[in-house]
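Read the figures in this text as sums done on the coordinates, not as results from a lab. These figures come from a predicted structure and were not determined experimentally. Here the Cβ is made from the backbone with ideal geometry for all residues, glycine too, and neighbour counts use every protein chain on show.
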Amino acid sequence: MTKRSPFITLEGPEGSGKSTQLRLLGKRLRGANCEVLETAEPGGTPIGLQIRRVLLDAKNQELCPTAELLLMFAARAQNVDQAILPALGEGRIVICDRFTDSTLVYQGAARGMGAELVYEVDRIACRGLVPDLTLIIDIDVETGLARAHRRNQRAQDVETRLDEQSADFHRKVRAAYHQLAEDEPRRVKLVDGSRNEAEVAADVWAIVEPLLAN
Ligand code: TMP
């Protein structure tokens, strides 16, 4: 069987800088002559972006946890089918801003829905697609939320329903990311996101580059 190209995900609590790191990684990979698809969850496709608006609109306070979970996976199923699997099939490296690990920590752990339920829906939505490498850009809750808050104000963002959860919710998110890195040390790597962009990017590249040689 020929080995498909790598599927890499970036994860992290609010305000960790993972989206910036995704862009920097994309640039670096292209500089190394790799064909790359950059994508994001929830979103990544026109239909996924419509679902994202429903999920993150601060006005949708009554959205129930089960609907939230299923909409996360609806956006992901669309992205997997329409964009991610075709790109991997063409030999492109896919780098994705959040994936099922986000659902595991936000809905599974912080909302308390449990990992089993998340993996059950994942089986339907992602059909066995698991990242080859996951980088968690780690940041403490207070620093991350302060960064996210500044960004939302600058952009006059209305997609704030989830970042507006309590600090306790976000502490559970971070603890669950740490647990995930401990449970799956081969796939999941923690990167200290408290430093400047270039330092974090250097660490990210040091972890990603060896994967390209395989
Ligand atoms: P973003 O700000 O990184 O684009 O992420 C959007 C928000 O959605 C963020 O608060 C994390 C949350 N989220 C979940 O709760 N579950 C998921 O499965 C995903 C992908 C994101």
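Okay, here's what the table says:
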{"quantity": "Ranked by how many other beta carbons lie within 10 Å on average, peptides 123-132, 170-179 from highest", "calculated": "170-179, 123-132"}
{"quantity": "Over the chain: helical MRE at 222 nm, DSSP H runs n ≥ 4 each giving -39500 (n - 2.57), nearest 500", "calculated": "-16000 deg cm²/dmol"}
{"quantity": "Low-density loop positions, GluC sites (Glu not before Pro), the stretch 3-54 - DSSP coil, at most 14 other Cβ in 10 Å", "calculated": "E35"}
{"quantity": "Packing rank of 90-98, 133-141, where each peptide gets the mean count of other beta carbons within 10 Å, highest leading", "calculated": "133-141, 90-98"}
{"quantity": "Cross-link partners of K172 among lysines (Cα-Cα below 25 Å; sequence separation of 8 or more within a chain)", "calculated": "K18, K59, K189"}
{"quantity": "For the stretch 148-183 versus the stretch 24-60, the gap between their alpha-carbon centres in whole angstrom", "calculated": "17 Å"}
{"quantity": "Relative exposure of K59, K18, judged by other C-beta atoms within 10 Å (fewest first)", "calculated": "K59, K18"}
{"quantity": "Proxy reagent accessibility, fewest Cβ within 10 Å first, across V158, V36", "calculated": "V158, V36"}
{"quantity": "Residues V54, V105, sorted so that the one with the fewest Cβ neighbours within 10 Å comes first", "calculated": "V54, V105"}
{"quantity": "Relative contact order (%) - criterion: Cα under 8 Å, at least six apart; region: the chain", "calculated": "33 percent"}
